[in-house]
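Nothing in this text is a laboratory measurement; each read-out follows from the coordinates by a stated rule. On a predicted model such as this, the values are computed, not experimentally measured, just so you know. Cβ: placed from backbone, ideal geometry, glycine included. Neighbour counts: every protein chain shown.
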Amino acid sequence: MYLLCYNYIHMSEKPVCKILTVDDQMGIDSFFYEFFTVRNYEVFNAQSGEEAIKIVKKHKPRIVLLDINMSGMDGIETLKCIKEIDKNIVVIMVTGVKDDDTINKALDAGANDYITKPLSLEYLEKVVLLKFINLQINDLGNINSAI
């Protein structure tokens, strides 16, 4: 199943899913952009929570990769704002913070997953693909309900 979905994403002519990455660390945005663009995702980058909110409103990404420790609006506050805009956006916290209290705060605020740095790119790719598949299944369920 994983291979079938992986091939579908990589063989599609147009981007299959919009992803927003949010991290104030220099270089992370371009790294994620390259990593996911070649995998046929449409990628938007933000370097602050405030910028992320604007992108969510304008471009409506389906998946957000969100850091916690950022200057200005932190990741937990950004997560809450994103979920107020659209509760169905999948938010994956991608952070170096491994504190149980912070993990629980993020999950309680609506995070759909929590991945700690340093990242395994293979694992990150699988998590994002799984979230994308779940979104597609939910979309199909909504279509069937409407029929």
Looking only at 93, 70, 26, which one moves most when the chain is put into a Gaussian network model with springs between Cα atoms under 10 Å? 26
Order by protection proxy (mean Cβ within 10 Å, highest first), peptides 74-80, 120-126, 49-55: 74-80, 49-55, 120-126
Taking 0.36 nm per intervening residue step and subtracting the Cα-Cα distance, what contour gain separates residue 50 from residue 77 on full extension? 8.7 nm
What spacing in nm lies between the two simple spin-label points modelled at residue 123 and residue 88, each 7 Å away from Cα in the Cβ direction? 3.0
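Can you compute the charge dipole magnitude of the chain about its Cα centre, using +1 on each Lys and Arg Cβ and -1 on each Asp and Glu Cβ, nothing else charged? Give it in debye, rounded to the nearest 20.
Dipole size: approximately 540 debye.
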Please report the Cα spread of segment 70-147 along all three principal axes, rounded to whole Å, starting with the longest. 45, 30, 20
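Would you work out the relative contact order for segment 2-146, in percent, from Cα pairs under 8 angstrom that are 6 or more residues apart?
Numbers: 208 pairs, mean separation 27.6, N = 145.
In percent, rounded to a whole number, it is 19.
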Restricting to Cα pairs under 8 Å and 6 or more apart, the percent relative contact order of segment 27-78 works out to 31
Taking the reciprocal of mean 1/r across every pair of different Cα atoms in the chain, the Kirkwood radius in Å is 15.6
